[in-house]
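What follows is a short report on a single structure.
The values are calculated or read from the model by the stated rules, or taken from the named source; none is laboratory data. Everything numeric in this text was worked out from a predicted model, so none of it was measured. Cβ placement follows ideal geometry from the backbone for every residue including glycine, while neighbour counts extend to all protein chains displayed.
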Amino acid sequence: MEFNEYQEKANRTLYGNEQVLTNCALGLAGEAGQLIYLIKDYTFKGKELDRDKMIHEMGDVLWYLSQIAQWADIPFDEVAKNNIETLNKRYPDGYSPAK
């Protein structure tokens, strides 16, 4: 699935038209926190890393990111493309801890 296609399909589930940006920003923080707790529990509490829960939480993060971009009239493909361009500039030969 292309990022813009995802953004369009995800947008049909967006509720409300007032303070959407604030709602999405707060939702993003909350969902990122839930993903972080899964990783923290795995790293420090010896719990199993639940792949299905991780996929679910990452999907929620993706949804909020796509809707923030939608609100700002930014195609989600553009976000992804720009990020890859930034990474290519930052690490033209790929990442190496020796550099």
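A few points about this structure:
- Some residue of region 66-77 being in contact with a Gly (Cβ under 9 Å, 6 or more places away or on another chain) and closer than 15 Å to residue 13 by Cα: yes
- Taking region 11-21 as the range and being touching a residue at least 12 places away in the same chain (Cβ under 8 Å) and over 10 Å from residue 63 (Cα atoms) as the test, the residues that pass are 20, 21.
- Count of residues meeting criterion [surrounded by 14 or more Cβ atoms within 10 Å (Cβ to Cβ) and assigned to a helix (DSSP H, G or I)] in region 12-24: 3
- Answer residue from region 79-99, given it is of a type in the set (A, V, I, L, M, F, W, C) and surrounded by 12 or more Cβ atoms within 10 Å (Cβ to Cβ) and is nearest to residue 18 (Cα to Cα) among those: 79
- For region 36-78, a residue qualifies if it is buried (at least 17 other Cβ atoms within 10 Å of the Cβ) and over 25 Å from residue 17 (Cα atoms), and exactly one does: 38.
- Meets criteria (among the aromatic types (Phe, Trp, Tyr), modelled with pLDDT under 95 and farther than 18 Å from residue 3 by Cα) for residue 91: yes
- Inside region 69-96, residues that are β-branched (Val, Ile, Thr) and part of a loop (DSSP other than H, G, I, E, B) make up a count of 1.
- The single residue among 8, 31 that is within 14 Å of residue 63 (Cβ to Cβ), touching an Asp or Glu at 6+ places or on another chain (Cβ under 7 Å) and part of a helix (DSSP H, G or I) turns out to be 31.
- Qualifying residue in region 80-89 (condition: of a type in the set (A, V, I, L, M, F, W, C) and under 14 Å from residue 28 (Cβ atoms)): no
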